[in-house]
Number of protein chains: 2
Amino acid sequence: MTTAWVITIGNEILIGKIVNTNATWLCQKLTSMGIQVNRIICVPDEEEDIAEVFKEAIKKKIDIVISTGGLGPTFDDKTSYCIAKALNLEYQLNQEALKMIEEKYKEKNMELTEHRIKMAKMPKDSEPIRNPIGTAPGIMLRYGKTMIFALPGVPSEMKAMFEETVSKVLRKISGQSYAETYLKVIGVPESSIAPLIEEVMEAISGVYIKSHPRGRELGEPLLEIHFSAIVDEKSKAQRIVSEAKELFKKLVVNEFREAKLENG
Amino acid sequence: MTTAWVITIGNEILIGKIVNTNATWLCQKLTSMGIQVNRIICVPDEEEDIAEVFKEAIKKKIDIVISTGGLGPTFDDKTSYCIAKALNLEYQLNQEALKMIEEKYKEKNMELTEHRIKMAKMPKDSEPIRNPIGTAPGIMLRYGKTMIFALPGVPSEMKAMFEETVSKVLRKISGQSYAETYLKVIGVPESSIAPLIEEVMEAISGVYIKSHPRGRELGEPLLEIHFSAIVDEKSKAQRIVSEAKELFKKLVVNEFREAKLENG
């Protein structure tokens, strides 16, 4: 199983000013490639915090680490420096990145100031990721078993860079596929459905089933049941979730005459 | 400074099915009380992951840890058990919690099954938090320097329990106040504004200034500048952010004739 961490850098998330939709978007993309995200971690714009979380991901031998935020011209854009610090790598001017930045500002007849050049400083051996929308290049870096991708926090830039560069690299890494399906159960409390979920998960290997209460446990119970599987073949993943759903339906209908089932 | 971690438990966040609005809501509330959130961590419904993140918060002597999710009747609702495990406390039936649950199901003429009783099992010395909307009680527990609050993931339940119980406890803990103000700068790239931000932060003690690019660095630059302060008095925090904003305005107008400024 290919594992991933999504790291979100920025005080604006931690003061509740901004909802972390970047992480949700990335998690959808990674999951659909059969990659298992097992952390989203938001850290403030502080050197120690940022470096710590990269260090931890490396220590845990996570396959893929994708960060958003903290790449830019201001004093609190510290991601690149912190990755270098965390991995004990030299923090140096990347010539390819500098060229990317130089071209962008030249087009507008603007000079390279200290704050603009800063966006080209990266950990040694980084490969800059082209930013087709903004100015700050992203960072791609292999460290031992881990592939690190640092992207900007501006959603349009982050998404464009993921689609253009990151996704292509990831497709080569992950050999897994993901499938999911849903079912709505109306009229039965979650606490009554709980043992049936366990029964299906025991019967069908590889499926994960989670119930999401959408109504009220007592009064108007409405559950959304989510079946998912990550295995080595797409068709196999699909078969697993379908079989699990069918078995689950049977058990519910058998046990609860009052239950109403709806697909999707 | 009172510090907090927000922990979100649940695979649905990590597969990108659900945006983590619970964390954003909690961060807003905590920040407005002068509490500094320095992590949001999302973990899967796995014992080891959940226990690990609580252990880490305790090790780092975080003042307040609030988790959402994983309190309920299904097999993958493991938060309570994992807190007990992380802190090496007995995991036992809490009589007060059991009474809360018993009453709820009794009203509907429903029996206490094993999966329902499970919601009353808590780490030793926990205080159950009343759930005015759903059935699963929350958990309040002091461990050394750290106050732990475990709340359900259903937003309406989480919010009601925070307002009714958690917020009252937190108000007693935090002695700090928060203030913020905004300013829009139109027509100047972020890389040109960067040195002025540094100048203001050096001149005015206690202010934190962050620029959020909303337009395009090259072409149509639009920046939202956020000034914030957490100090011991509300009026002092407000004075700091106002002074910083005024000084910043002066510097921008002086340096960039083309700049347009807008409040809010």
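Per residue of peptide B:72-79, the mean number of Cβ atoms on other chains within 10 Å of the residue Cβ is 6. To the nearest ten degrees, helix A:47-59 and the longest principal axis of the Cα atoms of chain A are 60 degrees apart.
Which shape class applies to the stretch B:158-228: rounded if a/c is under 1.5, otherwise prolate when a/b exceeds b/c and oblate if not, where a ≥ b ≥ c are the square roots of the Cα gyration tensor eigenvalues?
Oblate, because a/c is 1.5 or more while a/b does not exceed b/c.
Applying 1/(1 + (r/R0)^6) with R0 = 45 Å to the Cβ-Cβ distance of A:Asn88 and B:Leu218, what FRET efficiency is obtained, to the nearest 0.05?
Numbers: r = 35 Å, r/R0 = 0.77.
E between A:Asn88 and B:Leu218, to the nearest 0.05, is 0.85.
Model label points for B:Thr21 and A:Glu202, set 7 angstrom from Cα along the Cα-to-Cβ axis, are 3.8 nm apart. Sequence-ordered 3J(HN,Hα) estimates for the stretch A:178-192 from the Karplus curve with 6.51, -1.76 and 1.60 and θ = phi - 60° stand at 10, 9, 8, 8, 10, 8, 9, 10, 10, x, 10, x, 4, 5, 8 Hz, glycine and proline given as x. At an R0 of 35 angstrom, the distance between the Cβ atoms of B:Asn254 and A:Lys55 translates into a FRET efficiency of 0.25. Measuring against 18 Å, Cα to Cα, the residue pairs B:Lys210/B:Lys249; B:Lys60/B:Lys124; B:Lys61/B:Lys145 contain B:Lys60/B:Lys124 as the ones spanning a longer distance.
Are there trypsin sites (Lys or Arg not before Pro) in the stretch B:214-264 that DSSP marks as loop and that have at most 11 other Cβ atoms within 10 Å, and which are they? Don't jump to the answer; show the numbers that get you there.
Numbers: sites: B:Arg214, B:Arg216, B:Lys234, B:Lys236, B:Arg239, B:Lys245, B:Lys249, B:Lys250, B:Arg257, B:Lys260; in loops: B:Arg214, B:Arg216, B:Arg257.
Answer in residue order: B:Arg257.
Using the Cβ of A:Tyr182 as centre and a radius below 13 Å, the other residues enclosed give a net charge of +2, where K and R count +1 and D and E count -1.
Tell me, what is the per residue accessible area of the protein assembly as shown in Å², probe radius 1.4 Å? Don't skip to the end; give the middle numbers.
Details: 22760 Å² over 528 residues.
Accessible area per residue, the protein assembly as shown: 43 Å².
Taken residue by residue and averaged, Cβ atoms of other chains lying within 10 Å of the Cβ of A:195-203 number 2. With the simple spin-label model, which puts each label point 7 Å out from Cα in the Cβ direction, the A:Glu96 to B:Lys124 separation comes to 5.8 nm. A Förster distance of 56 Å, applied to the separation of the beta-carbon atoms of B:Lys106 and A:Glu233, puts the FRET efficiency at 0.70.
Specify the angular offset, from 0 to 90 degrees and rounded to the nearest 10, of the alpha carbon long axis of helix B:95-107 from the longest principal axis of the alpha carbons in chain B. Roughly 80 degrees, rounded to the nearest 10.
Which loop trypsin sites (Lys or Arg not before Pro) in the stretch B:121-205, with loop taken from DSSP, have no more than 14 other Cβ atoms within 10 angstrom of their Cβ? Working shown, then result.
Numbers: sites: B:Lys121, B:Lys124, B:Arg130, B:Arg142, B:Lys145, B:Lys159, B:Lys168, B:Arg171, B:Lys172, B:Lys184; in loops: B:Lys124, B:Arg130, B:Lys145.
For trypsin sites (Lys or Arg not before Pro) across the stretch B:121-205 that sit outside H, G, I, E and B with at most 14 neighbouring Cβ atoms in 10 Å, the list reads B:Lys124, B:Arg130, B:Lys145.
Could you give the distance between the Cα centres of the stretch B:175-198 and the stretch A:146-202, to the whole Å? Measuring centre to centre over Cα atoms gives 36 Å.
Distance from the C-alpha centroid of the stretch B:1-47 to that of the stretch A:51-127: 27 Å, rounded to the whole angstrom. Interface area, chains A and B: about 5400 Å² of buried accessible surface, summed, with a 1.4 Å probe and ligands, DNA and RNA left out. For chain A, leaving out every one of the GluC sites (Glu not before Pro) that falls in a DSSP loop and has at most 12 other Cβ atoms within 10 Å, the longest unbroken run is A:112-257. Hey, what did chain A get for relative contact order, percent, Cα under 8 Å, at least 6 apart? So the answer I get is 17 percent.
Among residues other than B:Thr165 whose Cβ falls under 15 Å from its Cβ, what is the net charge (Lys/Arg +1, Asp/Glu -1)? Before the final figure, lay out each step's value.
Working: positive: B:Lys29, B:Arg130, B:Arg142, B:Lys159, B:Lys168, B:Arg171, B:Lys172; negative: B:Glu96, B:Glu127, B:Glu157, B:Glu163, B:Glu164.
Neighbourhood net charge equals +2.
With respect to chain A, whose longest principal axis is taken over its alpha-carbon atoms, helix A:234-255 is tilted by about 40°.
Specify whether the C-alpha gyration tensor of the stretch A:76-226 places it in the rounded, prolate or oblate class, a ≥ b ≥ c being the square roots of the eigenvalues: rounded for a/c under 1.5, otherwise prolate if a/b is larger than b/c and oblate if not. Show your work: numbers first, answer last.
Details: a/c = 3.36, a/b = 2.55, b/c = 1.32.
Since a/c reaches 1.5 and a/b is larger than b/c, the shape of the stretch A:76-226 is classed as prolate.
Interface residues of the stretch B:30-64, defined as those losing at least 40 Å² of solvent-accessible heavy-atom surface relative to the isolated chain (probe radius 1.4 Å), are listed as B:Arg39, B:Ile40, B:Cys42, B:Glu52.
Distances between copies of A:Glu48, taken at a point 7 Å out from Cα along the Cα→Cβ vector and listed shortest first: 2.9 nm. Using the Cα gyration tensor of chain A, with a ≥ b ≥ c the square roots of its eigenvalues, what is the shape: rounded (a/c below 1.5), prolate (a/b larger than b/c) or oblate (neither)? Prolate, since a/c reaches 1.5 and a/b exceeds b/c. Shielding by partners for peptide B:143-153, expressed as the average number of C-beta atoms from other protein chains within 10 Å of each residue's C-beta, is 0.
The values are calculated or read from the model by the stated rules, or taken from the named source; none is laboratory data. This is a predicted model, so every value here is computed, not measured. Methodologically, a virtual Cβ is constructed for each residue, glycine included, from the backbone with ideal geometry; neighbour enumeration extends over all protein chains shown. What goes into the accessible areas is simple: the full protein's heavy atoms, side chains included, and nothing from ligands, DNA or RNA. Shrake-Rupley method; radii C 1.70, N 1.55, O 1.52, S 1.80 Å.
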